[in-house]
Each structure stands twice: as structure tokens, then as C-alpha cells.
Amino acid sequence: MAETHPIRLVVSDDLKRSRLTVFFCGLLVIPHLISLSLWGLLALIVMPINWIATVVMGQSPPPLHNFLAAYLI
């Protein structure tokens, strides 16, 4: 028995995109990739420093912990 869905989607756009628009959308991702790569590289440097500080002090220093927690979220 076929059931009907209570939600319907009506698309009124013609769904046509120019190649130039798609090209510029691709360009907009480049700054995001650069910033995410730099943030990841910095997190990779901070991780062993945080580990050593945690072993020595018995707890993670709050600035390093906050930075790594923000990166993981």
C-alpha cells in the first residue's frame, strides 16, 4: 500500500546556474581551506606541548585546553 508523504517540496526556481557563478563559489572555499589548514597545523604543534605540560603540572593549562577543545569542536 503506497503511503503519501505529509510534506511536499515545491521548487519554483529554474535551477539553472551560470558557469561563472559556480566558478566563484569554488573560489570562495579557498580562504576557508587555508584557515582550516593553518589552524590544524597550529593544533598539531600545540598537542605535544599540552601533553608535556599536563604530565608535568598534573592538569592541562586552560589556554592550551581551550584552544584544542575549540579545534575539536
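Number of residues in the range 20-32 that are under 26 Å from LEU72 (Cα atoms) and open to solvent by 100 Å² or more (accessible area, probe 1.4 Å): the value is 2. Of the residues making up the range 2-19, not a single one is surrounded by 11 or more Cβ atoms within 10 Å (Cβ to Cβ) and assigned to a helix (DSSP H, G or I). Cβ-Cβ distances below 9 Å connect the following pairs, each with a first residue in the range 45-69 that is in contact (Cβ under 8 Å) with a residue 24 or more places away in the chain and at negative phi, a second residue that is of a type outside the set (Ser, Thr, Tyr) and open to solvent by 80 Å² or more (accessible area, probe 1.4 Å), and a separation of six or more residues or different chains: PHE67/LEU42; LEU68/MET47.
Scanning the range 50-59 for residues that are farther than 16 Å from LEU72 by Cβ, assigned to a helix (DSSP H, G or I) and open to solvent by 70 Å² or more (accessible area, probe 1.4 Å) yields ILE52, VAL55, VAL56, MET57.
Condition check: part of a loop (DSSP other than H, G, I, E, B) and open to solvent by 70 Å² or more (accessible area, probe 1.4 Å). Does HIS65 satisfy that?
Here the answer is no, as HIS65 does not meet what is asked.
The values are calculated or read from the model by the stated rules, or taken from the named source; none is laboratory data. None of the values given here were measured: they were computed from a predicted structure. Cβ sites come from the backbone with ideal geometry, for glycine too, and all protein chains shown count toward neighbours. Side chains included, ligands, DNA and RNA excluded: accessible areas come from the protein's heavy atoms. Shrake-Rupley method; radii C 1.70, N 1.55, O 1.52, S 1.80 Å.
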